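Here the structure comes first, spelled out in structure tokens, and everything after it is commentary.
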Amino acid sequence: MNHFEYQGNDLYCEDVAVKDIAAQVGTPFYLYSHATLSRHMQAFTSAFASVPHIVCYSIKANSNLAVLKTFVTLGSGFDMVSGGELFRAQQVGCDPQKIVYSGVGKTEPEIEAALNANILMFNVESPQELETIDRVAGRLGKKAGIAIRVNPDVDPQTHPYISTGMKQAKFGINISQALEDYRRAAAMPNLEVIGVDCHIGSQLTKLSPFVDAIKKIRELVETLKQEGFAIKYLDLGGGLGITYEDEEPPTPTDYAEAIIEATKGLDVTLIFEPGRMMVGNAGILAAKVLYVKEGEAKNFVIVDAAMNDLARPALYGSYQGIEPVDRSTKERMVADVVGPICESGDFLAQDREIPAFKQGDLIAVSSAGAYGFTMASNYNSRPRTPEVMVKGDQVLVIRQRETYDDLIKGESIPEGI
Ligand SMILES: *Cc1c(COP(=O)(O)O)cnc(C)c1O
């Protein structure tokens, strides 16, 4: 459910016509619906209302400050993966006791900043990281709350690049080795073992991998408790999928029912790190058709947004919907929708049946709210797009379009070059 709908032939975001925003800010631009963001957060939290839980929205899916603030206002915490994300969390006044820190490569300065911020828990991904956190915490005279990110070796049945919980993955510590590392952690003076963590992948459209993972993790939690560990938190990561094309992912209610059943009797506070499901369908990327080129083998609709703005199709070959901003044209065509970048991988859609777009038409790339702007780059020296949020009838520019001066910020030409 989202608030991008047609009124007559015009695509609206809540109460505002997308074409009016394009006239105001130019193209391309990302557009987010505040009501949709709120609705997703509320649907998720209310599904888990019957059990102790903390929602830690995964910042990397969409890290715009206005999006983060929307979630903090609704009581959310954050899952962060870098010092930069901690900085963002602090900008929006997130309660640090609702922040968890994941990632295989935390640096000492990042660990130090997180300890100084007094975050709830580090999700530790290697034995050496345990030692580093212990050492940094000792130096600061602090105790670090930790969970070990356990790799349950479950196939999430999703794209290989976003599968994270199998033996071959760089993430986490294999479940067979976890107990030993928990014992080592317990002996480290500046660590406080408070949780168990797992995150098996992203864009999961079935419940069974989640349930299978919990079955394995449950045994570990029980063993740890028997050994006297005070496990207070079970962090189940994120990963719930969304509809891009015709996927039918579980609803938050279905997901919650399965999880609540699978964790029954464990007596822990559940932590969730949803990213994509909160923001994916709350955003579009709007772009303008520059040229329509009819080739011998293929037709191309060349638009002013590209792989630097939205990397998912190029990176994962993933599907993004292409919708007209004005749907009055009934004629159809089959074409690749491509950007101006000098790479054959620069496409937003391939061999897609779409409306017969003409030069100057506006298109909406749907489901672009997650891993869209956050993966954007300046490749081909393209300034990054603005981000706009609509709330009711308000159009709020929440990030300005970058300028050419932004492109060269920090660069210099040393004398003699
Ligand atoms: C990316 C990530 C998430 C969010 O995943 P989604 O599929 O967007 O819900 C949660 N936890 C960790 C550790 C992650 O790396």
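The values are calculated or read from the model by the stated rules, or taken from the named source; none is laboratory data. It should be emphasised that the depicted structure is a prediction, and the values quoted were computed from it without experimental measurement. Note that we place each Cβ from the backbone using ideal geometry, even for glycine, and neighbour counts take in every protein chain shown. Protein only, heavy atoms only, side chains kept; ligands, DNA and RNA dropped before computing areas. Shrake-Rupley method; radii C 1.70, N 1.55, O 1.52, S 1.80 Å.
PRE reach from residue 291 (point 7 Å along Cα→Cβ): which of region 330-371 fall under 12 Å by backbone N?
339-341
Would you mind pulling out the separation of the Cα centroids of region 179-222 and region 389-417, in Å?
Rounded to whole Å, the Cα centres lie 40 Å apart.
Highest GNM mean-square fluctuation, the chain, Cα pairs closer than 10 Å: which of 150, 100, 337?
Among 150, 100, 337, the largest mean-square fluctuation in the Gaussian network model of the chain belongs to 337.
Give me the number: length gained by fully extending residue 257 to residue 104, i.e. 0.36 nm times residue separation minus the C-alpha to C-alpha distance, one decimal in nm.
52.0 nm
Kindly express, to the nearest 10 degrees and within the range 0 to 90, the angle between helix 127-140's C-alpha long axis and the longest C-alpha principal axis of the chain.
80
Between residue 245 and residue 415, what is the FRET efficiency for a Förster distance of 60 Å, r being their Cβ-Cβ separation, to the nearest 0.05?
Plugging the Cβ-Cβ distance into 1/(1 + (r/R0)^6) gives 0.65.
Between residue 131 and residue 17, how many nm apart are label points set 7 Å from Cα along the C-beta direction?
6.5
Pick out, from 146, 211, 310, the residue whose Cα sits farthest towards the positive end of the charge dipole of the chain, with +1 on the Cβ of Lys and Arg and -1 on the Cβ of Asp and Glu.
Towards the positive end, the residue furthest out is 146.
Please report, as a whole percent, how much of the solvent-accessible surface of the chain comes from carbon and sulfur atoms (probe radius 1.4 Å).
Percent of accessible area from carbon and sulfur atoms in the chain: 48.
Among the listed pairs 106/216; 69/232; 98/409; 206/232; 60/167, which are separated by more than 31 Å between their Cα atoms?
Pairs exceeding 31 Å: 98/409.
Between residue 177 and residue 143, what is the FRET efficiency for a Förster distance of 35 Å, r being their Cβ-Cβ separation, to the nearest 0.05?
Once the sixth-power term is evaluated, E becomes 0.90.
With every protein chain left in place, what is the accessible area per residue of the chain in square angstrom, probe 1.4 Å?
Ligands and nucleic acids excluded, the figure is 44 Å² per residue.
Positive end of the dipole of region 34-279, charges at C-beta (+1 Lys, Arg; -1 Asp, Glu), about the Cα centre: which of 35, 185, 266 has its Cα farthest in that direction?
Of the options given, the answer is 185.
If I fit a long axis through the Cα atoms of helix 108-117 and take the longest principal axis of the Cα atoms of the chain, what angle between them do I get, 0 to 90°, rounded to 10?
Tilt relative to the chain: about 80 degrees.
What value, in deg cm²/dmol to 500, does the helix sum -39500 (n - 2.57) over DSSP H runs of n ≥ 4 give at 222 nm once divided by the residues of the chain?
Theoretical 222 nm ellipticity from helices: -8500 deg cm²/dmol.
Local charge sum around residue 373 (other residues, Cβ-Cβ under 15 Å, Lys/Arg +1, Asp/Glu -1)?
It works out to a net charge of +3.
On a 0 to 90 degree scale, rounded to 10, what angle separates helix 34-47 from the longest Cα axis of the chain?
Taking Cα atoms only, the helix is inclined about 30 degrees.
Give me the net charge of residue 173's neighbourhood, meaning all other residues with Cβ under 15 Å from the Cβ of residue 173; Lys, Arg count +1, Asp, Glu -1.
The answer is -1.
Mind grabbing the accessible area of residue 222 for me, 1.4 Å probe, Å², rounded to tens?
Solvent-accessible area, nearest 10 Å²: 80 Å².
Within straight cross-link reach of residue 298, meaning Cα distance under 19 Å, which aspartates and glutamates are found once same-chain residues fewer than 8 apart are removed?
Within the straight-line limit of under 19 Å, residue 298 reaches these aspartates and glutamates: 331, 336, 343, 346, 351, 353.
Can you tell me, using C-alpha contacts under 8 Å and at least 6 residues apart, the relative contact order of the chain as a whole percent?
Averaging sequence separation for qualifying contacts and normalising by length gives 19 percent for the chain.
Could you give the dipole magnitude of region 115-183 about its Cα centre, charging the beta-carbon of Lys and Arg +1 and that of Asp and Glu -1, in debye to the nearest 20?
Dipole size: approximately 300 debye.
Can you give the charge dipole size of region 34-279 about its Cα centre, rounded to the nearest 20 debye, using +1 on the beta carbon of Lys and Arg and -1 on the beta carbon of Asp and Glu?
540
So what's the gap between the Cα centers of region 345-373 and region 262-281, to the nearest angstrom?
Cα centres, region 345-373 to region 262-281: 32 Å.
If you average 1/r across every pair of different Cα atoms in the chain and take the reciprocal, what Kirkwood value do you get, in Å?
Hydrodynamic radius (Kirkwood, Cα pairs) of the chain is 22.6 Å.
Give the aspartates and glutamates whose C-alpha is closer than 19 Å to that of residue 19, dropping any in the same chain fewer than 8 places away, or say none.
In chain and number order, the partners are 5, 10, 304, 323, 326, 361, 387, 393.
Within 10 Å, count the other beta carbons around each residue, average over each peptide in 68-78, 41-51, and list them highest first.
Packing proxy ranking, top to bottom: 68-78, 41-51.
In the P(r) worked out for region 34-279, what percent of Cα pairs fall beyond 22 Å?
50
Given the Cα-Cα distance of residue 344 and residue 74 and 0.36 nm per residue of separation, how much length would full extension add, in nm?
Full-extension gain reported as 93.0 nm.
Quick check: net charge around residue 133, other residues with Cβ under 12 Å of its Cβ, Lys/Arg +1 and Asp/Glu -1?
Cβ neighbours under 12 Å give a net charge of -3.
For the chain, with only Lys/Arg (+1) and Asp/Glu (-1) charged at the beta-carbon, what is the dipole magnitude about the Cα centre, in debye rounded to 20?
I would put it at about 640 debye.
Relative contact order for region 34-279: what is it in percent, counting Cα pairs under 8 Å that are at least 6 residues apart?
This gives 22 percent for region 34-279.
So for each of 30-40, 381-391, 285-295 I average, over its residues, the number of other beta carbons within 10 Å; can you give me the resulting order with the highest mean first?
30-40, 381-391, 285-295
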